[in-house]
1. When the gyration tensor of chain C is built from Cα positions, what are the square roots of 5 times its three eigenvalues, in whole Å, from largest to smallest?
2. Which of the aspartates and glutamates could a cross-linker bridge to residue A:193, judged by Cα under 17 Å and excluding same-chain residues fewer than eight apart?
3. Among the listed pairs B:2/C:118; B:2/C:115; A:22/A:207, which have their C-alpha atoms separated by more than 23 angstrom in this model?
4. For the protein assembly as shown, what proportion of DSSP beta bridges, expressed in % and rounded to the nearest 5, is antiparallel?
5. Filter A:265/A:316; A:321/C:67; A:67/B:46; A:329/C:267; A:38/A:258; C:67/C:267 down to the pairs with a C-alpha to C-alpha distance above 30 Å, please.
6. Could you work out Rg/(2.2 N^0.38 Å) for chain A, with Rg from alpha carbons only?
7. In a Gaussian network model over chain C where Cα atoms closer than 10 Å are linked, find which of C:72, C:230, C:11 has the largest mean-square fluctuation.
8. Relative contact order for chain A using alpha-carbon pairs under 8 Å, separation at least 6, rounded to a whole percent?
Amino acid sequence: MKKFAVLFVLALCIVSCAVAEKISVYNWGDYIDPETIKMFEAETGIEVEYMVYETNEDMYAKIANGKSSYDVIFPSDYMVERMIHEKLVQEINWENIPNIVNIDSRFMNESYDPESRYSVPYTWGTMGILYNTGMVKEVPHSWDTMMDDTYNMDMLMLNSPRDTIGIALVMCGYDLNSTDDEALEAAKQLLIKQKPMVLAYVVDEVKDKMIGGEASVAMVWSGDATFCMDESDELDYVVPEEGSNIFFDAICIPSNAKNVAGAEKFIDFLCRGDIAAMNYNYVGYAIPNTAAIEIIGADEYNASPVNNPPQEVLDKCQVFKYLGEDTKKYDQVWTEIISEY
Amino acid sequence: MKKLRKVYIGLIMAFLYAPIVLLILYSFNDSKSRANWGGFTLRWYKELFSDAQIISALGTTLSIGFLAAVISTILGTFGAIALYQMKRGPRQVMLSVVNLPMLNSEVVTGVSLMLLFAIAQIQMGYVTLLLAHISFCVPYVVLSVMPKLRQLEPNLAEAAQDLGATPRQGFFKVILPDIMPGVFSGFLMALTMSIDDFVVSFFTTGSGVSNLSITIYTMAKRGISPKINALSSLIFAAVFILLVGLNLRDLKKTGGSKNIEKVKIPY
Amino acid sequence: MKRKGLMVLPFALWAIIFILVPLGLIAWYGITVEEPVAYTEITLEDGTPAFRLEDGTVQTQEPWQKKAVISFQNFKRMVEPTYLRLLIRSLKIALLTTLICLILGYPVALILTGKDFKHPTLWLMLIILPMWMNFLLRTYSWMSILENSGILNSWITALRNAVPAIDQWFTARGVGNKIIFLYNENAVILGMVYNYLSFMIMPIYTVIEKIDKSLLEAAADLGASPSKSFIRVTLPYSLPGVLEGITMVFVPAVTTFVISQLMGGGKVPLIGDIIQNQFGKSSDWHFGSSLSLLVMVVVLAFMGGLQQIDKDEEPQKEVRIF
C-alpha cells in the first residue's frame with residue numbers, strides 16, 4: 001500500500017503543478033507564432049494552454065456539444081454569426097482591449113457581427129488554388145482544374161465541409177451560400193465524381209505536402225498559400241475566375257470561458273502591432289491591423305497579390321453566411337460525400 | 001527446414017522493425033525533407049525538448065496513467081473480491097456487465113462516455129479524461145485479479161478472523177499478499193492501456209487538455225515532422241530498456257524458462 | 001464476511017454509471033433525432049418582439065434550442081446504399097486484415113513454440129516490443145516511408161538515377177516519377193496488419209505453448225508424420241487461441257478511424273470514420289449513435305458466431321490420431 005500511496009502523491013504533484021493563472025486558447029493549426037505565446041506568458045505570467053482544431057465545425061462540435069471550456073477561440077465569419085445566435089460567445093468589454101484602435105475600421109462591424117460586440121478581427125483571406133509551376137502546364141484560372149483528369153491523383157482537396165461544398169456549388173454555377181436541395185445535390189454529385197481523382201483530403205497537411213511536391217494543385221486558403229510560397233519558389237496561388245470565398249477570422253470569448261480577464265489580456269496582446277506583425281510573418285494571412293502593417297512596411301505588405309488582391313478578384317468573392325437550420329443539410333451532404341468511395 | 005523457419009522469423013522481424021529503424025535513423029537527419037540525407041544532427045531532439053506542448057502532453061499522459069492505474073487497481077481489486085463473494089447467478093450478470101467494455105470497440109466506449117459527460121454537464125477536460133481512463137481500465141484489473149482469488153484457500157479469511165484478526169487485518173495481512181501478483185499485473189496492464197490510449201481520450205477530453213496520443217495525432221495530421229521521429233526514437237528506447245530490464249531479471253531467475261507467464265507483456 | 005454489501009455496492013454503482021448508463025445513452029441518442037423547439041412569437045409589454053418557447057420560457061432572441069424526439073429516421077438513413085456499402089467495405093477490410101494477420105502470425109507462433117527453437121521468450125518479447133510504442137507513432141512511421149516524397153520513393157528515385165536499366169524497367173511499365181503507395185485501401189490494410197499482427201501472435205503462442213508436449217511425442221511414437229500430428233493435435237488445440245486472435249484483430253480493425261485517416265488520406269472511409277465525423281465536423285450525435293449501435297450489433301454478432309465455432313469444434317479436442 002505504501003508504494004501506491006507514494007505513486008498517488010507523485011501523480012497528484014504532477015497534476016497540481018499547474019496552479020498558476022492560465023487561459024486556454026483553441027485555435028486553428030499553425031495560426032499563431034508560438035514565440036508570441038511565450039512572450040505573452042513572460043509578460044503577464046499567465047500560462048497558455050494551447051490546442052488546435054482543423055475546421056470551424058470541429059471547434060463548434062467541441063464547444064457546443066462537447067461542453068468544453070475555452071477562453072479564446074478563433075471562429076470564421078459564418079461561425080461567429082452562428083455562435084452569437086446560439087449564445088455560445090459573450091460580448092467583449094472594449095475598455096479592456098485598448099489596442100483595438102490598431103484594427104482598421106473597415107474590418108469592424110462586418111455583417112456577421114454588425115455592431116462589433118462579440119468579435120475582434122484577426123485575419124482575412126480568400127480561397128483559391130495553390131499550384132506547382134513546375135508541374136502544371138498552364139495557370140489554373142478556373143475551378144474546373146479540380147475536375148481535370150490531367151491531375152488525376154495529383155490534387156489535394158480541403159477536408160472542410162463548408163469550404164469544399166461551397167466551392168463545389170460555385171463550380172456547378174450556384175451561389176456560394178446556396179441551401180437549395182437541387183444545388184446541394186449537384187454539388188454533392190460533383191464532389192463524389194471528383195473523389196477518385198483526389199490524392200487526399202487534407203487541412204493543415206496541405207502545406208507540408210505542397211512544399212514537398214506531393215501534388216500539383218491544391219485547394220487552399222490564401223494564408224497557407226503565402227506560407228508555402230515563402231518556402232518554395234515553385235508554388236503560386238490564384239483565385240479562380242468563377243468566384244470564390246472571402247473570409248474573416250475573428251477572435252471571440254466563449255460564454256463559458258473561465259478566465260475572461262485573462263482572455264481579454266490575450267486578445268489585447270494579439271492586437272498589438274508588433275505581435276500582429278510577428279503573427280503575420282509566421283502565419284501568412286492578411287491582417288486588419290494597421291499598426292502591424294506599418295511595422296512590416298506598407299509597400300512590402302501590399303506588394304503581395306495574395307494579401308492585397310485586386311478589386312476585380314474581390315468583386316467575385318463572397319462571404320459565407322450562417323444558414324440557420326439549413327446548416328443541417330450541409331452536415332448531411334458532407335457525411336454522404338465522405339462515405340462514398 | 002530449420003533454416004526456413006529462421007528466415008521466416010527474420011522476415012517478420014524485418015517487417016516489424018524496418019519502419020522503426022528508419023524513423024530512428026531519420027531522426028538524426030539534418031534536413032527537413034525525408035528525401036535526402038543532410039548529415040547528422042541532434043537538432044530535432046533539442047526542438048522536441050523545447051516544445052512546451054509535447055512536454056505538457058507527456059506530463060498529462062503520465063499523470064493520467066498513474067492516477068487511472070492506481071484508482072482502477074483499487075476499484076478493480078475490491079470489485080473482484082466483491083464479485084468473488086457473490087452468489088453464482090448475480091456474479092455471472094455482473095461479470096458480463098464488467099466485460100462489456102472489453103467486447104465493445106473503443107469508438108463505442110469513447111462515444112458512450114462522451115455522451116455521459118455531456119448529459120451530466122461535466123466540463124470536458126482533465127477530470128473527464130481521468131474518469132474515462134479509469135472506467136476502461138477497471139475491467140482489465142478485475143480480469144487479472146479474479147484468477148488469483150480463485151486460487152485462494154476458500155476459508156483463509158475466516159480462519160484469520162477466527163484467530164482474532166479484524167476483517168481489515170484479514171484483508172491486508174492474508175488476502176492481499178496472496179493476490180498481489182494479480183493486482184500488480186492488473187496495475188501494469190491499466191498503466192499501459194492508459195498510456196497507449198488514443199480513441200477514448202479523443203472523445204473525452206477538451207478545454208485544452210491533451211495527452212501524448214492526441215498531440216501526436218494533431219501533429220501527424222499537420223504533416224511529417226522530424227520532431228515526431230525524435231519522439232518515436234526516445235519512446236522506443238524507453239520501452240526497450242524497460243521491457244528488456246524487466247524480463248532480463250526474470251530470465252536470470254528462471255534460467256530462461258519458456259513459461260509465457262514469466263514474460264511481462266500486457267496485451 | 002459481513003461487509004460484503006459494502007464492497008459490492010460501490011462497484012455495482014460504478015458499473016452502472018460508467019458502463020450501463022453510457023450504453024443506454026447511445027441507445028437513446030440512436031433512436032431520437034434533434035428538432036427545433038416549437039415557439040410562438042409574442043410582443044413584450046415594452047413593445048419588443050419576443051419568443052415564447054414550448055416550455056414557457058420567453059426570450060428576445062430567435063430560438064435556436066433543440067429537443068430530442070423519438071424517431072427511427074436514422075435507422076432508415078443507415079440502410080441507405082451509401083452506408084450499407086460502407087459497412088460492407090469496413091467488414092471486408094477488417095476480414096482481410098484478420099486473414100493476413102492469421103496467415104503471417106500463426107507460423108510465427110508455431111515456430112517459436114517448436115521444441116528446437118532457442119530463447120522463444122526473448123524472440124516473443126522482441127515481436128511484442130514495437131506494440132509497446134504508441135500506435136499512432138507506429139502508423140506515422142509508415143506514413144513517412146510511403147509518402148510520395150517519402151523515404152521509399154526517394155530511394156527508388158536514387159536507384160533509378162544510378163542504374164539506367166532499372167529506370168528503363170520502371171519507365172517501360174509506365175511508372176512515373178513517384179509511385180503512390182499511400183491513400184488507398186492497400187495502405188490502410190498494411191497499416192492495420194502492422195499494428196495488429198502481435199494481437200494475433202500472442203494468444204496463439206500462449207495456447208500452443210500450453211499443449212502437452214507428451215501428446216505430440218505420443219503421436220510421433222505411434223507413427224504419425226509431423227504434418228499429421230500438426231493437423232490432428234496442434235491445430236485443433238490451438239483453435240481457442242486462433243479465435244481469440246481473430247477477435248483481437250477484427251474488433252479494432254472494423255472500427256478504427258485513425259489508421260484509415262492517416263494512411264488513407266480521407267479517401268478510404270470506414271464506418272469508424274463516419275462515426276467520428278458525426279461527433280465532430282457533421283455534429284449529428286443522433287446519427288453517430290445509431291451507427292455506433294450498428295457497429296455494436298455487428299461486433300457482438302461476429303463474436304457470437306466465433307463462440308459458436310468454438311463450441312462446435314470442442315469435441316475434436318478428444319484427440320484421435322488414427
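1. Values: eigenvalues 487, 229, 62 Å².
Equivalent-ellipsoid dimensions as semi-axes: 49, 34, 18 Å.
2. A:144, A:148, A:149, A:154, A:182, A:185, A:336, A:340
3. Working: B:2/C:118 12 Å; B:2/C:115 11 Å; A:22/A:207 31 Å.
From B:2/C:118; B:2/C:115; A:22/A:207, over 23 Å: A:22/A:207.
4. Numbers: 33 of 51 bridges.
Percentage antiparallel, nearest 5: 65.
5. Details: A:265/A:316 37 Å; A:321/C:67 24 Å; A:67/B:46 36 Å; A:329/C:267 22 Å; A:38/A:258 21 Å; C:67/C:267 34 Å.
Check vs 30 Å cut-off fails for A:265/A:316; A:67/B:46; C:67/C:267.
6. On the way: Rg = 21.1 Å, N = 341, 2.2 N^0.38 = 20.2 Å.
Chain A yields a ratio of 1.05.
7. C:11
8. Working: 590 pairs, mean separation 92.4, N = 341.
The normalised contact order for chain A reaches 27 percent.
Bear in mind that the values in this text are calculations on the coordinates, not laboratory data. Everything numeric here is computed off the predicted structure, so don't read it as measured data. Using ideal geometry, Cβ is built from the backbone for each residue, glycine included, and neighbour counts are taken over all protein chains shown.
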